[in-house]
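**Q** First, the structure itself, so that you have it in front of you.
Since every read-out is calculated from the coordinates, none of them should be taken as a lab result. This one's a predicted model, so the numbers in the text were calculated from it and none came from an experiment. Backbone-built Cβ (ideal geometry, glycine too); neighbour counts: all protein chains shown.
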Amino acid sequence: MRICLLSYRGNPYSGGQGIYIFYLSRALRDLGHEVHVLAGPPYPDIVEGVHLHKLESLNLYESELSSWEDILRIRSPLKLYEYLAVCFGTFPEPFTFSVRAYNRLRGLMPHYNFDIVHDNQCLAYGLLLMKRLKIPVVATIHHPIPIDREIEFSLAKNLWDKFRLMRFFSFVGMQYRVSPRLDRVITVSHSSAEDIHRIFKVPNSALRVIYNGIDTDLFNCDGNSPKEPNSLIMVSSGGGHTKGVPYLLRALEMLRRDIDVKLTIVGNNHPESEQVKLVKENGLEDIVTFTGGIEREELARRYARAEIAVAPSLYEGFGLPTAEAMACQLPVIAASAGALPEVMGNDGETGILVPPADSDTLAAAIKRLLDDEQLRKRMGEAGRKRVQENFNWERAAKKTVEVYEELL
């Protein structure tokens, strides 16, 4: 097949969506398909043999317009809309990307005649335009963004914060209208499928659950790396509140009275980032370290040196970092939110599940595992076995192709 994948933010540093596009495109290529990726900045990492078509964007969340030369970049109506939308505090990238992707796709069709278009959670109006080209359009929805919006609203400190969030999440209304009109919707867990059906009203007949894979060759701790005593690791590519950072920090405050505990957060280390501010507010700079953006190989090394992985998120559609840590034979302490129990399996086998937003129980679970090396070892071994049996990119790609074949 000739497959066209869409990803408006495909870089792995942008979170699970970037990891998904890298591994799925590679696995589809390995199955013998011709794979093209249409992407906006920050552009994705892709392997040799996958064709990348870069779409322009003002990318105002990564850069600033600082000169007249930059200002001249907004001469087109779409760029002007993008610029003004960001000025008003909204997030226009999904919409503007979808329009650019439609225009590029229309130009590429005479040369490539794609069999399928597969969107990576853009869910914007341009996808409906693509259906006019008589190509089946599939989308992966990792989880419904309205859940993130609800969590952020519940944690907002004042009316101004709620108003700001309402503006930023204004694109969600578009996702409500687009999602039920797609030919198929792939999602990455049964938990997420239930939420997509409930929130976006996507018919169950159009939903397909395909678990993410994990690169078990890369995420494979051989046991030769020395462990840092009492060390924890968590990956937080998004906002600190939705990833449960405040509750983990409170747990650390309780633990540090008795244990010399250390936490590494793989994520944004900018001094003005939400997570860094939370650490300073709690006076924990001496025991919490931020890595900033790191390569996958470095992440695997970080897992190898840690004793426990922590995933205190208030919601996850899948939880790639949880599965990656399990592949590295790390026991995981995770909140029983969203798909995390589905990824980890039964409580007590690969790690410990705790109620979300419960710092006391989280602290007790961390102490229990730090005090029991044999339990950590047993859970770590069970975690790797579970990943090997359930989360495989070749299997994910084959099941994705089956969805394409349904439509063709």
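**Q** Can you sort Lys243, Lys201, Lys131 by how many other beta carbons sit within 10 Å, fewest first?
**A** The most exposed by this proxy come first: Lys201, Lys131, Lys243.
**Q** Pairs of alpha-carbon atoms within less than 8 angstrom and 6+ residues apart define the contacts here; what relative contact order does region 212-351 have, in percent?
**A** 31 percent.
**Q** If you don't mind, there's one more thing I want to ask. In a Gaussian network model over the chain where Cα atoms closer than 10 Å are linked, find which of Glu152, Glu194, Glu281 has the largest mean-square fluctuation.
**A** In this elastic network of the chain, the residue with the biggest mean-square fluctuation among Glu152, Glu194, Glu281 is Glu281.
**Q** From the phi angles alone, apply the Karplus equation (6.51, -1.76, 1.60; θ = phi - 60°) to region 114-123 and give each ³J(HN,Hα) in whole Hz, x where the residue is Gly or Pro.
**A** 4, 7, 8, 10, 10, 8, 10, 6, 7, 6
**Q** Here's another thing I want to ask about it. Using r as the Cβ-Cβ distance of Asn204 and Ser336, and R0 as 35 Å, what FRET efficiency do you calculate, to the nearest 0.05?
**A** E between Asn204 and Ser336, to the nearest 0.05, is 0.90.
**Q** Still on this model: Of Val354, Tyr303, Val288, which is farthest on the positive side of the dipole of region 231-390, counting Cα position, with +1 on Lys and Arg Cβ, -1 on Asp and Glu Cβ, and the Cα centre as origin?
**A** Highest projection toward the positive end goes to Tyr303.
**Q** Output needed for region 231-390: three equivalent-ellipsoid semi-axes, defined as square roots of 5 times the C-alpha gyration tensor eigenvalues, in descending order, whole Å.
**A** 22, 17, 15
**Q** Cα to Cα, under 23 Å, and not fewer than 8 places away if on the same chain: which lysines meet these conditions relative to Lys157?
**A** Lys243, Lys277, Lys280
**Q** Compute, for region 270-408, the length of the dipole vector about the Cα centre, with Cβ point charges of +1 (Lys, Arg) and -1 (Asp, Glu) only. Units Debye, rounded to 20.
**A** 400 debye
**Q** Just how far, in whole angstrom, is region 315-363 from region 171-187 if you go by their alpha carbon centroids?
**A** Centre-to-centre (Cα) distance: 28 Å.
**Q** Averaged across orientations, what area in nm² does the convex hull of the alpha carbons in region 156-230 project?
**A** Mean projected area of the Cα convex hull: 9.7 nm².
**Q** Now a separate question. With the chain treated as a Gaussian network of Cα nodes joined by springs under 10 Å, which of Lys79, Lys157, Lys277 yields the largest mean-square fluctuation?
**A** Maximum fluctuation in the GNM of the chain, among the listed residues, is at Lys157.
**Q** Remind me, what semi-axes does the chain give for its equivalent ellipsoid, largest first in whole Å, using sqrt of 5 times each Cα gyration tensor eigenvalue?
**A** Ellipsoid half-lengths, sorted descending, are 36, 25, 19 Å.
**Q** Right, another one. Considering only the other residues whose Cβ falls under 15 Å of the Cβ of Gly89, what net charge follows from Lys and Arg at +1 and Asp and Glu at -1?
**A** Summing Lys and Arg as +1 and Asp and Glu as -1 gives 0.
**Q** Let me ask something additional. Pull out a ≥ b ≥ c, the square roots of the eigenvalues of the alpha-carbon gyration tensor of region 188-255, then state rounded if a/c is under 1.5, prolate if not and a/b is larger than b/c, and oblate in the remaining case.
**A** In terms of gyration-tensor shape, oblate.
**Q** 222 nm [θ] for the chain, helices only, -39500 (n - 2.57) per DSSP H run of 4+, per residue, to 500?
**A** -13500 deg cm²/dmol
**Q** If you take the charge dipole of region 231-390 about its Cα centre, with +1 on Lys and Arg Cβ and -1 on Asp and Glu Cβ, which of Pro246, Pro341, Val276 is farthest toward its positive end?
**A** Pro341
**Q** Another question about this same structure. Could you calculate the contour length gain from Asn103 to Arg256, that is, 0.36 nm times the residue separation minus the distance between their Cα atoms, to one decimal place in nm?
**A** Between Asn103 and Arg256, full extension yields an extra 49.5 nm.
**Q** Still on this structure: Nothing charged except the Cβ atoms of Lys and Arg (+1) and of Asp and Glu (-1): what's the magnitude of the dipole of the chain about its Cα centre? Round to the nearest 20 debye.
**A** 1240 debye
**Q** In addition: When the chain is modelled as a GNM with alpha-carbon springs shorter than 10 Å, which of Phe153, Phe22, Phe95 fluctuates the most?
**A** Judging by the Gaussian network model, the answer is Phe153.
**Q** Leu408 to Glu373: extension gain in nm, 0.36 nm per residue of separation minus the Cα-Cα distance?
**A** Computed gain between Leu408 and Glu373 is 7.3 nm.
**Q** Fully extended, how many nm does the chain gain between Lys398 and Thr289 (0.36 nm per residue separation, minus their Cα-Cα distance)?
**A** Computed gain between Lys398 and Thr289 is 35.3 nm.
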